[in-house]
Amino acid sequence: MQVRKIAERLRRNPVFARARVIILPVLAVLLFLLFFTLLAGTSGEFGPFSVRFTLGWGWPGESRLVVPLLGEIKAHTHHWPVILSLRVEKIDPALLQHELAGYANPQEYLGELLPRLQRLFLFFLAKLVLLGGVAGGMVALLFGRRDFQRFWRAVAAGFCAVLLLLGGIALDYDREAYKNPRYEGMLAFAPWVLQLIDQGLSYLPELSERLSLVAGNMDRLVTQVDLLTPLAKADGEIKILHVSDIHNNPAAFEFIKPLLEGFAVDLVIDTG
């Protein structure tokens with residue numbers, strides 16, 4: 001009885017009534033944003049790449065490309081307080097090399113990948129709109145709105161809110177912002193890295209052939225070294241190791257050291 005009386009007094013209190021009118025809508029909006037953010041995320045695979053689209057909140061609004069261990073590429077593409085992120089979850093190098101082998105120009109391969117990425121992004125946007133309705137319904141149920149009409153009004157409100165949000169971002173989206181991106185992490189060297197990647201993709205088939213050749217030559221080298229073992233046992237002779245331009249590559253000392261020990265070299269001559 002006392003609890004009911006206290007509750008009745010609070011309802012009649014004008015200060016509490018005004019606060020309730022303000023706090024409840026704000027709390028509903030915050031819960032809607034929380035549910036929506038937790039559910040907003042789409043993963044997909046296309047070719048050797050596994051990616052994930054996510055939506056977050058922040059100011060100013062921007063688009064991000066996140067590459068784990070390397071960093072992020074950011075661009076201020078819109079003014080809405082929304083952060084659109086594309087995260088590269090996984091890359092299959094073997095599959096990438098296999099697919100690139102069928103293309104003379106890597107740009108043709110990228111041209112086929114982009115439409116698949118665009119389809120995944122459109123699916124992500126459609127999912128966001130539907131999740132807006134789901135989040136609105138969850139908030140309505142949490143506030144005890146068991147009435148069928150009120151429930152569907154909350155669902156429609158969430159659906160329309162997300163649709164208007166995405167529509168506003170689309171109208172405000174500035175593609176020119178990608179010409180002046182910001183880099184974080186190791187991707188601060190992104191221009192150089194991207195150029196290196198582009199060159200690497202062009203030479204990937206040739207690199208594969210050269211690696212096979214190196215592997216074969218390494219086997220021959222090991223065989224020849226085995227044949228040279230009697231040289232280390234020779235007595236009464238001076239064993240000389242001839243090196244060319246060692247001053248241009250100081251790291252060669254680590255390679256020469258085991259040769260000196262293994263063959264008991266008496267003298268090292270550097271020429272060039």
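The values are calculated or read from the model by the stated rules, or taken from the named source; none is laboratory data. Keep in mind that what you see is a predicted model, and the values were worked out from it rather than measured. Every residue, glycine among them, receives a Cβ derived from its backbone with ideal geometry; neighbour counts consider all protein chains shown.
Here is a yes/no grid of residues against (1) surrounded by fewer than 15 Cβ atoms within 10 Å (Cβ to Cβ); (2) outside the structural domain of H78 (by TED's automatic domain parsing); (3) among the aromatic types (F, W, Y); (4) at pLDDT 80 or above:
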residue	(1), (2), (3), (4)
F123	yes, no, yes, yes
L131	no, no, no, yes
F159	no, no, yes, yes
L165	no, no, no, yes
I169	no, no, no, yes
D172	yes, no, no, yes
R175	yes, no, no, yes
L187	no, no, no, no
P191	yes, no, no, no
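Examine segment 56-73 for a residue that is more than 15 Å from the chain's Cα centre (by Cα), more than 30 Å from G133 (Cβ to Cβ) and in contact (Cβ under 8 Å) with a residue 24 or more places away in the chain, and state whether such a residue exists. Looking through segment 56-73, none of the residues is more than 15 Å from the chain's Cα centre (by Cα), more than 30 Å from G133 (Cβ to Cβ) and in contact (Cβ under 8 Å) with a residue 24 or more places away in the chain.
Can you report the number of residues in segment 135-151 which are loosely packed, with under 15 Cβ neighbours inside 10 Å and either touching a residue at least 12 places away in the same chain (Cβ under 8 Å) or among the aliphatic types (A, V, I, L, M) (or both)? So the answer is 3. When you check L100 against the structure, is it surrounded by fewer than 15 Cβ atoms within 10 Å (Cβ to Cβ), over 23 Å from K179 (Cα atoms), in the same structural domain as P115 (by TED's automatic domain parsing) and among the aliphatic types (A, V, I, L, M), yes or no? Considered against the rule, which asks whether it is surrounded by fewer than 15 Cβ atoms within 10 Å (Cβ to Cβ), over 23 Å from K179 (Cα atoms), in the same structural domain as P115 (by TED's automatic domain parsing) and among the aliphatic types (A, V, I, L, M), L100 comes out as no.
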